[in-house]
Amino acid sequence: MSPMSRSLQRLGERLFYQGRKFAFEAAWLRLPNGVEGVFETIRHPGGAMAVPIDGEGRFVLVEQFRFPLETWILEFPAGTLEAEEAPATTIGRELEEEVGYRAASWSHLGDFPLAPGYSDEIIHAYLARDLEALAEPPAQDPDEDLRTVHLTATELEEAVRAGRVDAKTVSGLFLFRGGS
């Protein structure tokens, strides 16, 4: 039997933490190649992300303070899927809440794992066009500190090279480039 024909076997597991957005577990596994060990995983319901393009062809991002890095990071608007919520619903809400826009035109760019070495989170990416600014600026959640930023493709690429952009935004830019 080839290693590729065997599947993962769960020999045991333990939940260490259940938070409001994710859970942390350790599982005793037998990998398809027969190796056994304890593997830690962050269980996440998934997320949705918009790649918004304004009327001038610029990308609309949030600049957000991220406490684990203790710095400001540029990101495409995104959010965690609520229970039983479709990704398209999630990202419509998040686009309004994070950057204050509504999109008239949506197209699915693709899905990708965010950090498969330690998490099962899948991000669903959408292109958002024909943006309309909301009459009232969005109210931020108490734990959010963010600003709306409009960048040209060149400016965004420079920010990527400077390490000022998160991985989901780099992936979203790549998906956009492949589909435009």
| Lone qualifier among LEU114, LEU11 - being in contact with a helix residue (DSSP H, G or I) (Cβ under 8 Å, 6 or more places away or on another chain) and modelled with pLDDT under 95 | LEU114
| task | Output the number of the condition that ALA86 fails; it satisfies all remaining conditions of (1) surrounded by 13 or more Cβ atoms within 10 Å (Cβ to Cβ); (2) modelled with pLDDT of 95 or more. | result | (1)
| message | If I ask for residues that are surrounded by 15 or more Cβ atoms within 10 Å (Cβ to Cβ) and closer than 22 Å to PRO45 by Cα, which ones from segment 112-155 would you list? | response | PHE112, LEU114, SER119, ASP120, GLU121, ILE122, ILE123, HIS124, ALA125, TYR126, LEU127
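Scan segment 3-21 and give yes if some residue there is more than 18 Å from ALA128 (Cα to Cα) and in contact (Cβ under 8 Å) with a residue 40 or more places away in the chain, otherwise no. Before you say what the answer is, go through the steps one by one.
The initial filter retains those residues of segment 3-21 that are more than 18 Å from ALA128 (Cα to Cα), namely 3-21.
Still in the list and also in contact (Cβ under 8 Å) with a residue 40 or more places away in the chain: 21.
Yes, there is a match, as at least one residue in segment 3-21 is more than 18 Å from ALA128 (Cα to Cα) and in contact (Cβ under 8 Å) with a residue 40 or more places away in the chain.
Conditions tested, residue by residue: (1) touching a Cys at 6+ places or on another chain (Cβ under 6 Å); (2) part of a loop (DSSP other than H, G, I, E, B); (3) farther than 16 Å from GLU94 by Cα.
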{"position": "PHE112", "(1), (2), (3)": "no, no, yes"}
{"position": "ALA128", "(1), (2), (3)": "no, no, no"}
{"position": "GLU132", "(1), (2), (3)": "no, no, no"}
{"position": "GLN140", "(1), (2), (3)": "no, yes, no"}
{"position": "GLU144", "(1), (2), (3)": "no, yes, no"}
{"position": "SER171", "(1), (2), (3)": "no, no, yes"}
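The values are calculated or read from the model by the stated rules, or taken from the named source; none is laboratory data. Predicted, not measured: the structure shown is a model, and the values here were computed from it. Note that we place each Cβ from the backbone using ideal geometry, even for glycine, and neighbour counts take in every protein chain shown.
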